[in-house]
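After the C-alpha cells below, expect a handful of questions from me.
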There are 2 protein chains.
Amino acid sequence: MDKKWYEKNGRDGNVVISTRVRLARNLEEYPFPCRCGSDLRAQIENKVTDAVVNSNSVISSRFSRVDVDNISTEEKVSLVERHLVSPEFISDKREKTLLLLDDESVSIMVNEEDHVRLQVMCEGFDLDRAYELASRIDSLLDEHLKFAFSDTLGYLTQCPTNLGTGMRASVMLHLPALHAAKAMKKMAENLSKLGLTIRGAYGEGSEPSADLYQLSNQITLGISEKTAIENLRNITKQIIAQEMKSREAMIKNIAVQDKIYRSEGILRSARQIDGSEALQLLSNVRFGVTEGLIDSIPLDTINSLIVEIQPATLMRKTGQKLTPAERDKVRAELIRSTINR
Amino acid sequence: MDKKWYEKNGRDGNVVISTRVRLARNLEEYPFPCRCGSDLRAQIENKVTDAVVNSNSVISSRFSRVDVDNISTEEKVSLVERHLVSPEFISDKREKTLLLLDDESVSIMVNEEDHVRLQVMCEGFDLDRAYELASRIDSLLDEHLKFAFSDTLGYLTQCPTNLGTGMRASVMLHLPALHAAKAMKKMAENLSKLGLTIRGAYGEGSEPSADLYQLSNQITLGISEKTAIENLRNITKQIIAQEMKSREAMIKNIAVQDKIYRSEGILRSARQIDGSEALQLLSNVRFGVTEGLIDSIPLDTINSLIVEIQPATLMRKTGQKLTPAERDKVRAELIRSTINR
C-alpha cells in the first residue's frame, strides 16, 4: 500500500512537515449548514457525494464515504489526529459526511461550517502540488454542483473571514531552534502584520506542542489564490532559513546535543511514555537527525510516529479501548519497535 | 594486569559489592599519632614501612610506598574514592604514609588515627577471605613491630570505640529495593540494637547515595574477631534475602521496569552527566541486571564504573585537571565507551 502523506518526508522536510490547502465552498440553493435541518443536511450530503462519485475522473473511484455519525469515538478522534477533519466537525452532533481519498491526501468535509470543506495535505513544503490537486477536485465538484459565488466578493462562505477565495493554505513547521530561542512570540506578531498567522499544530485555539507550528494565510478577500500562496511561500522560505541558521548555532552546544541524544536513548528504551513527553522527545530527535547527530532514524519514521502515537490513532491501531496507562505502555512499545528496527 | 577488587563481581554480587576488614594497631613505644611531633611520626612511618618491606613474605615485594604528603590533590582524593584510605587521612597535613598492595586489595595507613590502620578489601561477600588476608599481614607486621596490647583489654587504640579487637568488618551493600521501600531507617534502628551500623558508602558521616550502604560491626571490646564476623555474616545474609525478595516484587511494576530501561538508555546516550545522576542511573541499571531485565552489561562493569566515574578518579584517568563541566562530559564518554562496547 502507498504510504500516507504523514508517513513520508518531503521537500524542505528538515523544517516543513506538511503542506495543506483547504477550500471552503457552499451550494447556491441551500442555506449555510447551521441553518439547515436534518432533511436539507442529508440532501447536501448526497449531492456532494454524488458529485464526487459520479464524476468521470479516475480519482473519483478512489474516494470512500465515511459515515462520521456512526463510527466509534476513537475513529472520529483519530481523523482529527491525522489532520483529516477539524475538531469542530466531529464534535457537531448533526448530519455530516466525510469523503476521503484512499491515501488520505484529500478529504472533503460535508456540512462542516460550510457545505463543502475540501482539503489537500501533502508531505513537506509543496504549496503548488497541494493547490493544483485542490483546484482539480474543486473543478470536478464544480461540474455537478452550483457553488455560491459573487462576482464582486468571490466565493460566499458562512464566516466572513473566508469570503473571497475561500482558501486557507498552511504549512506545518518544526521549529525547535526558534522555539528554544523564544523567538516565536515576536514572530507571531510580525506575521500577523503580514496577513499570516502561526499557531499550534491543530490550528485555531491549539497550543503549540513539541515545537510544531502551523503557519497559514489569513486574507481571503481582495487577493488571488496565487498571491496568497506566493506570500505564504516567501515567508515560509524566510522562516526555514532562520530556523536552519538557529539550529546550526544551537547544535554546537553540548547541552543541546546531550538533550537530543538522551531523548533518543529514552525513546529507544522507555516502557511507558505519555503522549506529550513522547512528542517532545520525537521533536528533539528530529532536530538531531536534521543536524546529522543521529543517522539511524529516518525523518519519515519520526513524522509517522508523531501521528501514530496520538491516543485515538494508537487505539485505532490496536483495535481496542485502552486506559491512559495502557496507552502509555502501547505507545512506548510502538516507538521502540519502530525505531529499534 | 590483574583486575582490582572494584573491577570484579564476587559472591552474592547481586547485593554485596565488596567486603572490608580493617585492623587498628599501635606501636607500644610511641605515643598515639596525634601526640607525636614530626620526628616521631617520621620514625613510625619508617618502622612500619621497614616491617612490611623487610619481611620475608612474598607479598611484601608487592607493596609500594605512597608518599601521600607529596602527591596531587586528585591522586589523594582518588585514594578515598577507591576506598583505599579514609577522608581524614588525606585531609591531615601531618606526616603520613600509605603502603599499598599492587592490586589495591590491601592498604596500610601509617599515622592515621592509630599508628597502623591495615585494611583489606575484596569483591563480593567474602568475610573469611578478607579476614584471613588481614590476619596474615597483621602477623607479618607483628614479627617486626611491638603492638600495644593489654591482656585484659586487647589491642590499645586511640579511640576507645576500637579498643579490644581493633577490628572493623564491613560489607558494601546495594539495596535499591529496600531503599525504594523506605525500609532503611527502621533497619538502621534495628541494626543498632544488634551492635551493627549501616550508613553511606563512604562510612561515618557520609550520606547514602545511589542505594549504596555500608554495614559494619560496632563492637570491638569483649568480643572475638570470629564472633564479630559471624554476627555481621548472619545479618548480611538476612539483608540479602530481604533485598532479593523485595526486588522480585518490585520488578513486576511497569514503572520500575520503565525507570530501569530509561536509565540504561540515558547512560548509553548522554553527552554530559554529573556524578550523582550517573551513580543513581548505574544503581537502577544494576538492579535491572540482577533481575534479568538487562543482560548486555555485566555487573563487574557497573561496579568498576561506580568507582571510575568519581571526580578525582576520572581526572586521574585523563591525567589532567578538569572543570566540573568538562568532567561531566568525560564521565559521559567513559560510561558510553564502557557500556556500548
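Answer with yes or no whether B:I223 is farther than 13 Å from B:V15 by Cα and away from chain A (no Cβ under 14 Å).
yes
For segment A:282-305, which residues satisfy the criterion of being in a helix (DSSP H, G or I), touching a residue at least 60 places away in the same chain (Cβ under 8 Å) and not hydrophobic (A, V, I, L, M, F, W, C)?
So the first thing to find is which residues in segment A:282-305 are in a helix (DSSP H, G or I), and the list is A:282-290, A:299-305.
Retained after the next criterion (residues that are touching a residue at least 60 places away in the same chain (Cβ under 8 Å)): A:282-284, A:286-287, A:290, A:299-300, A:303-304.
Those that are in a helix (DSSP H, G or I), touching a residue at least 60 places away in the same chain (Cβ under 8 Å) and not hydrophobic (A, V, I, L, M, F, W, C): A:S283, A:N284, A:R286, A:T290, A:D300, A:N303, A:S304.
Give the residues of segment B:313-341 that are surrounded by 14 or more Cβ atoms within 10 Å (Cβ to Cβ), away from chain A (no Cβ under 12 Å) and of a type in the set (V, I, T), sorted by residue number.
B:T313, B:T318, B:T338
Another one. Take the residues of segment A:242-292 that are more than 17 Å from A:K182 (Cβ to Cβ) and β-branched (V, I, T): which is farthest from the other protein chains (Cβ to nearest Cβ)?
If we take residues in segment A:242-292 being more than 17 Å from A:K182 (Cβ to Cβ) and β-branched (V, I, T), then A:T290 is farthest from the other protein chains (Cβ to nearest Cβ).
Only one residue in B:T313, B:T323, B:T290, B:T338 is of a type in the set (V, I, T) and over 24 Å from B:M172 (Cα atoms). Which one?
Values: B:T313 fails: over 24 Å from B:M172 (Cα atoms); B:T290 fails: over 24 Å from B:M172 (Cα atoms); B:T338 fails: over 24 Å from B:M172 (Cα atoms).
Exactly one of B:T313, B:T323, B:T290, B:T338 is of a type in the set (V, I, T) and over 24 Å from B:M172 (Cα atoms), namely B:T323.
Here is a list: A:R262, A:R286, A:R271. Which entry is open to solvent by 20 Å² or more (accessible area, probe 1.4 Å), modelled with pLDDT of 95 or more and farther than 16 Å from A:K329 by Cβ?
Step by step, each of A:R262, A:R286, A:R271 is checked, and only A:R262 is open to solvent by 20 Å² or more (accessible area, probe 1.4 Å), modelled with pLDDT of 95 or more and farther than 16 Å from A:K329 by Cβ.
Restricting the search to segment A:217-239, which residues are open to solvent by less than 20 Å² (accessible area, probe 1.4 Å) and either within 14 Å of A:H174 (Cα to Cα) or β-branched (V, I, T) (or both)? Lay out the reasoning, then the answer.
Initial filter on segment A:217-239 (open to solvent by less than 20 Å² (accessible area, probe 1.4 Å)): A:217, A:220, A:228-229, A:232, A:236, A:239.
A:T220, A:I229, A:T236, A:I239, listed by residue number.
Do you know which residues across segment B:141-161 are open to solvent by 10 Å² or more (accessible area, probe 1.4 Å) and in a helix (DSSP H, G or I)?
B:D142, B:E143, B:H144, B:P160, B:T161
Being open to solvent by 20 Å² or more (accessible area, probe 1.4 Å) and away from chain A (no Cβ under 14 Å): is that true of B:T301 here? Before you say what the answer is, go through the steps one by one.
Details: open to solvent by 20 Å² or more (accessible area, probe 1.4 Å): yes; away from chain A (no Cβ under 14 Å): yes.
Yes: the conditions hold for B:T301.
The values are calculated or read from the model by the stated rules, or taken from the named source; none is laboratory data. Computed from a predicted model, the values in this text were never measured in an experiment. Please note: Cβ atoms are built from the backbone with ideal geometry, for glycine as well, and neighbour counts cover all protein chains shown. Ligands, DNA and RNA are stripped out before the accessible areas are found, and what is left, the full protein with its side chains, is counted by its heavy atoms. Shrake-Rupley method; radii C 1.70, N 1.55, O 1.52, S 1.80 Å.
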